[in-house]
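Okay, structure first, notes after.
The values are calculated or read from the model by the stated rules, or taken from the named source; none is laboratory data. Small disclaimer: the values here were computed from a predicted structure and weren't measured. Cβ sites come from the backbone with ideal geometry, for glycine too, and all protein chains shown count toward neighbours. Remember, those area values only see protein heavy atoms, side chains included, never the ligands or the DNA or RNA. Shrake-Rupley method; radii C 1.70, N 1.55, O 1.52, S 1.80 Å.
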Amino acid sequence: MFEIFDENMLTLKEGRSLFRHGHRTPNLRTIRRWCKPGLFNRRTQKRVRLQSVLDGGTLYTSQEAIQRFRAALNQDSLPWG
């Protein structure tokens, strides 16, 4: 388990800019869904969640958690990998 408080903390609103695709950023509700139910990676047959912590009614994540989330989604995504 990672100690998310030891990392560069961001609110979900701040962290959504790290998911920028062109000029678009995902909706805040989408990022909340990535935290709770998560996404299902069909190749690995595992559920992937964006690590977050609730503090004072605000959900926080970290830059490192976003990197781990992206890496887990892209795991085994290459045909030869």
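Filter segment 10-38 down to the residues that are within 16 Å of ARG68 (Cβ to Cβ), of a type in the set (A, V, I, L, M) and open to solvent by less than 60 Å² (accessible area, probe 1.4 Å) and list them by number.
Across segment 10-38, the qualifying residues are LEU10, LEU12, ILE31.
Looking at this structure, is ARG29 in a helix (DSSP H, G or I) and over 17 Å from GLU7 (Cα atoms)?
Yes, satisfied.
For segment 40-70, name all the residues that are modelled with pLDDT under 90 and open to solvent by less than 60 Å² (accessible area, probe 1.4 Å).
Answer for segment 40-70, where residues must be modelled with pLDDT under 90 and open to solvent by less than 60 Å² (accessible area, probe 1.4 Å): ASN41, THR44.
Select from segment 32-58 the residues that are touching a Phe, Trp or Tyr at 6+ places or on another chain (Cβ under 6 Å) and part of a strand (DSSP E or B) and list them in ascending order.
Of everything in segment 32-58, those that are touching a Phe, Trp or Tyr at 6+ places or on another chain (Cβ under 6 Å) and part of a strand (DSSP E or B) turn out to be ARG47, VAL53.
Is it true that THR61 is part of a strand (DSSP E or B) and polar (S, T, N, Q)?
yes
I need every pair where a residue in segment 25-42 that is more than 18 Å from ASN74 (Cα to Cα) and charged (D, E, K, R) has its Cβ under 7 Å from the Cβ of a residue that is open to solvent by less than 100 Å² (accessible area, probe 1.4 Å) and not in a loop (DSSP other than H, G, I, E, B), sequence separation at least 6 or different chains.
As it stands, the answer is ARG32/LEU12; ARG32/LEU59, since those pairs meet every condition given.
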